[in-house]
1. Where the centroid of each part is defined by its Cα atoms, how far is the stretch B:92-158 from the stretch A:114-132 in Å?
2. Compute the Cα gyration tensor for the protein assembly as shown, then decide on rounded, prolate or oblate, letting a ≥ b ≥ c be the square roots of its eigenvalues: rounded whenever a/c is under 1.5, prolate when a/b is larger than b/c in the other cases, and oblate in all that remain.
3. First measure r as the distance between the Cβ atoms of residue A:302 and residue B:194, then evaluate 1/(1 + (r/R0)^6) with R0 = 45 Å and state the FRET efficiency to the nearest 0.05.
4. Which Cα, out of A:167, A:257, A:220, lies furthest along the positive dipole direction of the stretch A:145-285 (beta carbon charges, K/R +1, D/E -1)?
5. Whole-Hz Karplus ³J(HN,Hα) for the stretch A:27-37, in order, using 6.51 cos²θ - 1.76 cosθ + 1.60 and θ = phi - 60°, x for Gly and Pro?
6. If I take R0 = 60 Å and measure r between the Cβ atoms of residue A:113 and residue B:4 in this structure, what FRET efficiency does the formula 1/(1 + (r/R0)^6) give, to the nearest 0.05?
7. Sorted from fewest to most neighbouring beta carbons within 10 Å, what does the list B:337, A:232, A:226 look like?
8. Taking square-rooted eigenvalues a ≥ b ≥ c of the alpha carbon gyration tensor, is the stretch B:110-220 rounded, prolate or oblate, where a/c under 1.5 means rounded and, failing that, a/b exceeding b/c means prolate?
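What follows is calculated from the coordinates using simple rules that are stated; it is not laboratory data. Just so it is clear, the model here is predicted, and its values are computed rather than measured. Every residue, glycine as well, gets a Cβ built from its backbone with ideal geometry; the counts of neighbours run over all protein chains shown.
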Protein chains: 2
Amino acid sequence: MTTATLPLKPITEDFKEAVAFALSQHEAARAFVAEVVEGGLRNVFLVGCGGSLTASYPVHFLLETRAGFPVFHMNSDEFNLRKPALLGEGSLVLVSSHTGTTKETVAAAHYAKSTGAKVAALTRDDDSPLAQAADIAFTYRSEDTVVAPKGVLFGQLAYALLEKTGVEGDYAAIRKAYEALPDALYTAQEEGEALAHTIATALADEPVTYVLSAGPNYGAGYGFTMCYLMEMQWKHGGSYHAGEFFHGAFEVVTEDQPVILFLGEDATRPMAERTRRFLDKYTRKAHYVDSRIFSLPGVPEELRGDITPIALDVFGTRLARHYESVRGHDLDKRRYMFQVEY
Amino acid sequence: MTTATLPLKPITEDFKEAVAFALSQHEAARAFVAEVVEGGLRNVFLVGCGGSLTASYPVHFLLETRAGFPVFHMNSDEFNLRKPALLGEGSLVLVSSHTGTTKETVAAAHYAKSTGAKVAALTRDDDSPLAQAADIAFTYRSEDTVVAPKGVLFGQLAYALLEKTGVEGDYAAIRKAYEALPDALYTAQEEGEALAHTIATALADEPVTYVLSAGPNYGAGYGFTMCYLMEMQWKHGGSYHAGEFFHGAFEVVTEDQPVILFLGEDATRPMAERTRRFLDKYTRKAHYVDSRIFSLPGVPEELRGDITPIALDVFGTRLARHYESVRGHDLDKRRYMFQVEY
């Protein structure tokens, strides 16, 4: 049983500043993309590990649903060993690592460069090994605010790619919505506090928690499970795709089985809603993180589905803080990461 | 504690026959692929749910590492709602469902056809809704032997695509190895029995089991977790990519934490070996399913990595039978699937 608690850490102090700093690199992103597209773009690879792979699910979805070029998304070591046949000149590789030192990811940047691909790093600082290995680095300069600015850096590169390759879209409206994000995502965190507290309190002592998500929101569920529940709380978790759930995983659900379901407002929402109907019926311990609770001021209704994957991912960071507080388990505690060689 | 047991069901009686029947459709596969490629092939989509999505991981890897066209791999409902921008004329969609009645997958076939794509069904019988919705159906006509012939049907289509699109390779040698599969995969099951019994006995009463795999073998680990451990044994499980494991999930490992790791013989083996080194050090309950225990007669050394993903996937079916026997939990028992509407 959880007995010790820790004070709830507040929303990160530099939140708006870090997101605004990411936004300030918009013109640099557009200029880089213009150069890449004019040089002949064949395809895009999204590469990273853990939370940094998570951060690119929204743009994987965005590009796959709209772009005229193929997009691939994979773990850095898988990328290094798989050696995709389509990687080479004409490829743009977006590699991400918070510290810029993740060894597989730094290796991925070097490997990609060696094939003739263009490489952009999305990372904290511009002097890390990853940033140095890339053609260009987009940064957020914060140790505390990571998920939101990383989402913005990925997003503005993806929209620049769509616009530059001639895909129709109201890019001025999208830009306006992005410029609202420092405030909108800050407010979303405030709006999510009660739900985050409810979930963390209800599930603090549960032995196994499943987390479901789909479409552009898959990363929010996967990242919460992998990086927060398991890595930072040492809790057992299974992350499954909300549609795949019905083809196996759902058989473990009983009325006492905790499940967290993320619901966004994109085209895949009906899949998450189907999952919610099932959970409503068969477990008393379902918790729904529905982006509709976020007001997202400045984001017009028709663009919410593009933004809600980032809002859900940011919610995960607050949910982790509530787990930390309720369970008295510091998010910085590690058994292996940064502790031992592996 | 597990007390009841069930008799161990033998290797399926029609195993060799079902695999041979899949192999007998080789010329039909080549003729279909020739027509598709000559009509102008732009890309390939691999679509299915659960075990049928699992079955296409090996060819996703195979094509991504060798083909000159892009390949995409996704759950049927994700496909239907995502509506990939590159889907349409010039697309080949390989859709799979054992019964041929999985509603999302039948819908995927209809949707793909409506965009102008060519659709091939990989399914049990040629008179199911899925087979009827597709341009062509490749079948295995068995209720009991599913994984191996499905793997063969996917594989021979993939090699036909590589050969027809001019990718270099010793296709005669590959064909010879495939023709050895009815016997080789049967023998592999016999060779795996002792290990399967050991794992099932050791982990029968464990509350949570993690399963790790990567590269073309990812499906073997994912499918075992999703379809056997969770669906057919109602056991808690988490399936993670062996490389991603180091970016979060590994923090839950203690000396008492069961983990099953699948190791194949393809280019991603070093990633699985890194994971094994970690598990050797930090848990006493690691179990390794290393394809090197399979002799695979008729498969030359240099082609083993192409075949081992199927062998590992087939091993999963035997491991499930051993769990069934040791735990006395019938693999046919379901709470929801085929029992209720969802």
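1. The stretch B:92-158 and the stretch A:114-132 have Cα centres spaced 42 Å from each other.
2. oblate
3. Working: r = 60 Å, r/R0 = 1.33.
Given R0 = 45 Å and the Cβ-Cβ separation, E is 0.15.
4. A:167
5. For the stretch A:27-37, the Karplus-derived couplings read 5, 5, 5, 5, 5, 5, 4, 4, 4, 5, 5 Hz, x marking Gly and Pro.
6. Details: r = 59 Å, r/R0 = 0.98.
In this case the efficiency is close to 0.55.
7. Numbers: B:337 15, A:232 22, A:226 30.
The order, fewest Cβ neighbours first, is B:337, A:232, A:226.
8. Working: a/c = 2.00, a/b = 1.49, b/c = 1.35.
Note, shape of the stretch B:110-220 comes out prolate.
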